[in-house]
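The structure appears right after this line, and notes come after that.
The values are calculated or read from the model by the stated rules, or taken from the named source; none is laboratory data. Here the structure is a predicted model, which is why all the values come from computation and not from measurement. All Cβ positions, even for glycine, are placed from backbone atoms using ideal geometry, and neighbour counts span all protein chains on display. These accessible areas exclude ligands, DNA and RNA; they are computed on the full protein's heavy atoms, side chains included. Shrake-Rupley method; radii C 1.70, N 1.55, O 1.52, S 1.80 Å.
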Amino acid sequence: MENQFIRHEPCFERILFVLTLDRKKMKERILIGEEQQIRFRLNGSQNAEVLCDMTRPLGTFLINFERDTDRDWNLYGLSPLRQALHSNRWKQPELEQAASEFLWGKYLSNDPLKMYVAFRIWNSYLLAREPRDRNTACDRFMDKMSRLTGVFQNESMSFDRETGKPKHFQAGSLYFKGAPSEDTRLDIWFPDNRRTEECVSAYASLYPLITYYLNRLNDWGLCFRQCKVCGKYFLAKSQRYELCSDKCRKAQALQNKREFDERARENNYDLLYKNECQNWRNKINRVKNTAGFPADRLEKIQAAFSDFKKEALQRKKAVKTGTASPKEFTDWLYQQSNVIVELTDY
């Protein structure tokens, strides 16, 4: 099967987008190719010729779904080919080259969805060049491909933002009310003796595939979560999961250790401060119980203790904001021990 985006013999067989979901392993598998070849591959034949056979974490298809808010697929993929079908043979190569570069970039993205749509557009263009009635063939080409790329205009990862639970398909969807019957079709391949997983295949539209995926996730009680480290969305078995991968778990563990070490350093100088305050109180209480200790000196000691606490709090704040180091604060505390000793010497 040729897949270079140049003029060649088109593929006349239906190229399907096949999806299988594995709840136990939390994986999704996507295959692209002719139906018979895909069935051979699913039954274990590695010699079967398919365009794509990729296994990824469950939910990746929806999370990484193409968004085309700027309508680039229409502007750079479809529009030049539409013009080529209505142009003379001298203008066609330049228009084909422009579309080919855009579609080939999408095909090389290693994203099965982009690969599938890019291949379908180019192959459909080659098929549209076959009939003599180019105008009718062009209209049919644009109608089918616009419906295929139209799904990129909408949000595919539909879920409750509070619970992360995928939203179940509603039969009253406006899309399914007005869409052609072919666009609502999704073929289910039930397990057989050699294949234990259920598969679904889509051709005319990807909307039914999205609906099937969301419904399955909803039935299984899975939820979408946003990683607290990298910010990416991932699929989890419950809301208590906050990290998407081993890489993020290691990064979070490292951050936790840094925070623990920081708290340990903070607790150390804070403990020294509390001990020094208690040292001052003990010495002040002792001189209060000392017979004949001058009252004016006691007032001076108490005033010095009040000044000590005020300055200590300012220095602690400076350490927390990073304008002073913990060592500078602890050295100052040790100096204050000598001050109280001198004041209470009698």
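Between E101, E35, E262, the Gaussian network model of the chain with springs among Cα atoms under 10 angstrom shows the greatest mean-square fluctuation at E262.
Counting only protein heavy atoms and using a 1.4 Å probe, what share of the accessible area of the chain belongs to carbon plus sulfur, as a whole percent? That fraction is 47 percent.
Heavy-atom accessible surface of region 46-89, averaged per residue, reaches 52 Å², computed with a 1.4 Å probe. Under 5 Å between amide hydrogens, built in the peptide plane, is the criterion, and for K27 it picks out D22, L58 among residues at least 5 positions away or on other chains. Restriction of the chymotrypsin sites (Phe, Trp or Tyr not before Pro) in region 1-99 to DSSP coil positions whose beta-carbon has at most 10 other beta-carbons within 10 angstrom yields F12, W90.
Helix-only estimate, please: 222 nm mean residue ellipticity of the chain, summing -39500 (n - 2.57) across DSSP H runs of length 4 or more and dividing by its residues, to the nearest 500. Calculated at 222 nm, the ellipticity per residue is -17000 deg cm²/dmol. Scanning the chain for DSSP H helices at least 18 Å long along the axis (C-alpha atoms) with a Kyte-Doolittle mean no lower than 0.0 picks out 112-128.
Only one item in (1) 35; (2) 64; (3) 56 matches percent of Cα pairs over 31 Å apart derived from the coordinates shown, and that item is (3).
Determine the sum of side-chain charges near N43: Lys and Arg each +1, Asp and Glu each -1, restricted to other residues whose C-beta is under 10 angstrom from that of N43. Summing Lys/Arg as +1 and Asp/Glu as -1 gives +3. Rounded to the nearest whole Hz, the Karplus-based 3J(HN,Hα) values (6.51 cos²θ - 1.76 cosθ + 1.60, θ = phi - 60°) of region 153-165 follow the sequence 7, 10, 7, 8, 8, 8, 7, 6, 5, 8, 9, x, 6, with x at glycine and proline. Here region 1-133 is treated as an ellipsoid with the same Cα gyration tensor; its semi-axes, largest first and in whole Å, are 30, 18, 10.
Along region 67-78 the Karplus relation, 6.51 cos²θ - 1.76 cosθ + 1.60 evaluated at θ = phi - 60°, assigns HN-Hα couplings of 10, 10, 5, 8, 6, 5, 4, 6, 5, 9, x, 8 Hz to successive residues, with x for each Gly and Pro. Taking Cα centre as origin and charging only the Cβ of basic (Lys, Arg, +1) and acidic (Asp, Glu, -1) residues, the dipole magnitude of region 22-123 rounds to 360 debye.
For the residue pairs K106/K144; K144/K165; K283/K317; K274/K310, alpha carbon separations beyond 21 Å are given by K144/K165; K283/K317.
Here the dipole of the chain is about 1080 debye; that uses its Cα centre as origin and unit charges on the Cβ of Lys and Arg (positive) and Asp and Glu (negative).
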